[in-house]
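Written out below as structure tokens is the structure these notes cover.
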């Protein structure tokens, strides 16, 4: 049998140059297909990690409602991104389409001609297609980025947001806001790239910063958890039910980030000469792996010292460190990435403390500081340390002004929709769970059960601003009555009607 | 590569079946419209279902009196809680 097959193989005529070329092209496309497919698999860890991270940070009474947000993010962002999010990315690179729906006509971008039409849900590229090995997996990689933006917001809102309100906000952020900013500043033909040389190669701002700014807009309408602030406005601390789970979640997120970083690159050897960043500028996979690893190292270091060894902020500092150097990950020397990520890790701690204690915004996991502040910081750093680097297909030099232009464009693009949509949900009275349910815990209301049935229920503890650990029940009940049952008002003495 | 394998012929048959009629066809538009409708119905369903659950639980909690204003003065220490009636 084997000798027969071997003989028939030898009997075939030698392939022509055209046949070899066709085979090499097909092999190249299949390698690209495999590459993006496996980045998607690895990026799932980000979402497993966010779920564990947030569930651990939640109090016992809110564990499942917290985790369910992360799970159902996939249920709503996937179809919405397929039906209109991907089309936004393909067709809005120059802002609102001026000449119907067409791809940008940038010299040198001929390879992407027709990309816009390929992103509609009824396009041949958006379903099983034996002639196209790349479009589907490229879409999937972006879909995972979309889930990530929603998961970034998720943790900040835990323990009082309605599941359904969060899902609506996740659709707006994951399938609208972030992908619009990606079209503008994270694509080969984006107007910020081709005109201003905006450089954010691994998405410091377009994913993290934008998700953080959107989240801040939501938090202003959502308000703090009941009892988070004293009558004088000092911040109490709620202890998560399982810090080990939170730290494990962060480690899973970090693992998934390697897939995220890899998926931010473009590879197709028969079309491009090597690895490219999202702007079609040359780079290598090793370069960004250097930066992400040193980003974690520096971020952990900065977070540790700024928080004086707090476990939560040490690991969050790692995340902040990476986010701070992501924008220039294709450019930075590892030592520069190390130094900058130390500063990013420290910045996250200081910003998180300021947001919680001075601004009195109850961000349960520090998402606005870690993702929002450090996302903007990362783009700022590129303007300082990578000015002059040629970005994009038309080699516009990166500059501080160009980076500033990106920040000025994306801050309102993210913050205003977050604020407006959450304001509408608040006016419809479907943004936040009733105060009574919040006090009892969301799990009993949403799912009708305690998810630790064989464990004794011990009294909940809250940390007062002076550091005392006290029984939470009387504190929360008192806060409930002092705020007239309206948890968004941290200070007040009115009676509940 | 075995030339006897009818890959091209089979792939054309499969492609026609998979895409419900191909790019921009009536079948594809109908599938898209049905998918969008299902997505919107699901979003509304999430809101309505949760609203029912929360309303039921809130009414039950208020009726139980569990959250009535405590007629107590609360003083706390690091490790214990002392509740004293007025």
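Taking a point 7 Å from the Cα of residue A:428 along the Cα-to-Cβ direction, the residues of the stretch B:29-59 with backbone N closer than 14 Å to it are B:40-52. In angstrom, the C-alpha Rg and Dmax of the stretch A:258-300 are 11.6, 40. The angle between the Cα long axis of helix A:334-357 and the main principal axis of chain A comes to about 30°, on a 0 to 90 degree scale. Fewest neighbouring Cβ atoms within 10 Å first, the residues A:469, A:356 line up as A:469, A:356.
What the Cα atoms of the stretch B:23-63 give is an Rg and a Dmax of 17.7, 58 Å. With all pairs of different C-alpha atoms in the average, the Kirkwood value for the hydrodynamic radius of the stretch A:107-211 is 15.4 Å.
Peptides A:379-385, A:332-338, A:133-139 ranked from most to least packed, by the mean per-residue count of other Cβ atoms within 10 Å: A:379-385, A:332-338, A:133-139. Averaging the Cα positions of each part gives two centres, and for the stretch A:356-422 and the stretch A:310-342 these lie 15 Å apart. Each listed q (0.14, 0.15, 0.17, 0.18 Å⁻¹) maps to a log10 I(q)/I(0) for the stretch A:232-347 from the Debye sum over equal C-alpha point scatterers, namely -0.61, -0.68, -0.80, -0.87.
Take the Cα of residue B:26, step 7 Å toward its Cβ, do the same at residue A:457, and the gap between the two points is 5.9 nm. Round to a whole angstrom and tell me the spacing of the C-alpha centers of the stretch A:281-309 and the stretch A:172-208. If you average the Cα positions of each part, the centres end up 22 Å apart. Applying D = kT/(6 pi eta Rh) to the protein assembly as shown, where Rh is the Kirkwood radius over alpha-carbon pairs, T corresponds to 25 °C and eta to 0.890 mPa s, the Stokes-Einstein value obtained is 96 µm²/s. Across the stretch A:216-315, the relative contact order, built from alpha-carbon pairs under 8 Å that are at least six residues apart, equals 16 percent. What FRET efficiency, computed as 1/(1 + (r/R0)^6) with R0 = 30 Å and r the Cβ-Cβ distance, is obtained for residue A:310 and residue A:395, rounded to the nearest 0.05? After rounding to 0.05, the efficiency reads 0.10. The fewest-to-most ranking of A:195, A:60 by surrounding Cβ atoms within 10 Å reads A:195, A:60.
Projecting label points 7 angstrom from Cα along Cα→Cβ for residue B:5 and residue A:353 puts them 6.4 nm apart. Between residue A:335 and residue B:59, the C-beta separation translates, for a Förster distance of 51 Å, into a calculated FRET efficiency of about 0.25. Computed log10 I(q)/I(0) for the stretch A:366-453 at 0.18 Å⁻¹: -0.90, from the Debye equation with unit scatterers placed on every C-alpha and solvent omitted. Computed across the stretch A:39-80, the Kirkwood hydrodynamic radius from all distinct Cα-Cα pairs reaches 10.8 Å.
Taking 7 Å steps out from each Cα toward its Cβ at residue A:466 and residue A:232 produces label points 0.8 nm apart. Angle of helix A:374-385 to the longest C-alpha principal axis of chain A, folded into 0 to 90 degrees and rounded to 10: 50°. For the peptide B:53-60, the mean number of other protein chain Cβ atoms found within 10 angstrom of a residue's Cβ is 6. Calculated mean residue ellipticity, 222 nm, chain A: -18500 deg cm²/dmol, from DSSP H runs (n ≥ 4) at -39500 (n - 2.57) each, averaged per residue and rounded to 500. Gyration tensor over the Cα atoms of the stretch A:303-375: the corresponding equivalent ellipsoid has semi-axes (square roots of 5 times the eigenvalues, largest first) of 22, 13, 8 Å. Relative contact order of chain A, please, whole-number percent, based on alpha carbon pairs below 8 angstrom and at least 6 residues apart. 21 percent. The Cα-based radius of gyration and maximum Cα-Cα distance (Dmax) for the stretch A:145-291 are 18.7, 65 Å. Full extension of the chain between residue A:44 and residue A:26 gives 3.7 nm of extra length, using 0.36 nm per residue less the Cα-Cα distance.
Pairwise Cα distances in the stretch A:344-497 exceed 26 Å in 50 percent of cases.
Working note: Debye formula, equal point scatterers on the alpha-carbon atoms of the stretch A:196-263, no solvent; log10 I(q)/I(0) at q = 0.14 Å⁻¹ is -0.75. With neighbour counts taken as other beta-carbon atoms within 10 Å, the residues A:354, A:83 rank, fewest first, as A:354, A:83.
A short reminder: the numbers here are calculations on the coordinates, not readings from a lab. As the structure is a computational prediction, the values presented were derived from the model and not from experiment. Neighbour counts are summed over all protein chains in view; Cβ atoms, including those assigned to glycine, are modelled from backbone coordinates with ideal geometry.
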